[in-house]
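J.: To start, I am sharing the structure in question, which I have written as structure tokens.
The values are calculated or read from the model by the stated rules, or taken from the named source; none is laboratory data. This is a predicted model, so every value here is computed, not measured. With ideal geometry, Cβ positions are generated from the backbone for all residues, glycine too; neighbour counts draw on all protein chains shown. Calculation scope for accessible area: heavy atoms of the full protein, side chains included, ligands and nucleic acids excluded. Shrake-Rupley method; radii C 1.70, N 1.55, O 1.52, S 1.80 Å.
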Amino acid sequence: MSNDAKNQNGVETEELLIPSFGYELLRDFLLPDILGKDYSQLLYWSGKQVARKFPIESTEELPSFFHEAGWGLIEIVEEKKTELKFKLSGEIVTRRIELQKDASFQLEAGFLAEQIQRLKQKTAEAVEEERKRKTIYITVQWDK
């Protein structure tokens with residue numbers, strides 16, 4: 001089953017509707033076993049690498065990218081001088097937390113850190129700060 005969609009470059013693509021369970025099996029069960037104790041760190045750096053390969057032009061493009069990547073719904077909930085706080089939610093986030101209570105969202109955190117670093121042209125880091133009602137909060141801070 002599929003739907004027609006347009007990617008970030010406006011090119012029409014076919015959006016495949018596949019079960020998220022396969023993605024969840026790989027991401028939350030297989031990769032942690034393979035990568036061991038370095039799993040979260042490797043996901044963070046992998047997220048930064050993904051951001052380098054798929055750069056965005058503004059934070060307004062983040063929701064579209066997160067949707068296409070199947071990462072959930074992302075929105076900025078707080079903005080300070082050297083900090084952005086993001087809320088990650090949605091059905092995929094809820095399912096991942098239900099299947100794996102301590103599911104890692106470091107891939108998303110690394111992606112956000114690298115995108116904001118590139119946009120602000122300042123060194124940036126992201127921290128997965130809190131989980132509330134199956135919602136993840138990620139804060140990105142950059143140098144002054």
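J.: With N set to the residue count of the range 105-144, report its C-alpha Rg divided by 2.2 N^0.38 Å to two decimal places. Provide the component values of the computation, followed by the final result.
T.: Details: Rg = 10.6 Å, N = 40, 2.2 N^0.38 = 8.9 Å.
The reported ratio for this selection is 1.18.
J.: Just the accessible area per residue of the range 97-144, please: how many Å² with a 1.4 Å probe?
T.: Details: 2640 Å² over 48 residues.
Result: 55 Å² per residue.
J.: Ignoring ligands, DNA and RNA, please state the percent of accessible area on the chain from carbon and sulfur, probe 1.4 Å.
T.: Details: 4550 of 8920 Å².
So the carbon and sulfur contribution to the accessible surface is 51 percent.
J.: Run the paramagnetic zone check for Glu129: 7 angstrom along Cα to Cβ, then residues of the range 20-47 with backbone nitrogen under 19 Å.
T.: none
J.: Which pairs, out of Lys53/Lys85; Lys48/Lys81; Lys101/Lys144; Lys81/Lys101; Lys48/Lys132; Lys53/Lys134, put more than 27 Å between their alpha-carbon atoms? Can you show the working numbers first?
T.: Values: Lys53/Lys85 23 Å; Lys48/Lys81 22 Å; Lys101/Lys144 35 Å; Lys81/Lys101 33 Å; Lys48/Lys132 25 Å; Lys53/Lys134 29 Å.
Lys101/Lys144; Lys81/Lys101; Lys53/Lys134, as the Cα separations exceed 27 Å there.
J.: For the chain, what does the helix formula give at 222 nm: sum of -39500 (n - 2.57) over DSSP H segments with n ≥ 4, over the residue count, nearest 500 deg cm²/dmol? Present the calculation step by step, with values, prior to reporting the outcome.
T.: Numbers: 6 runs with 58 residues, N = 144.
Result for the chain: -11500 deg cm²/dmol, rounded to the nearest 500.
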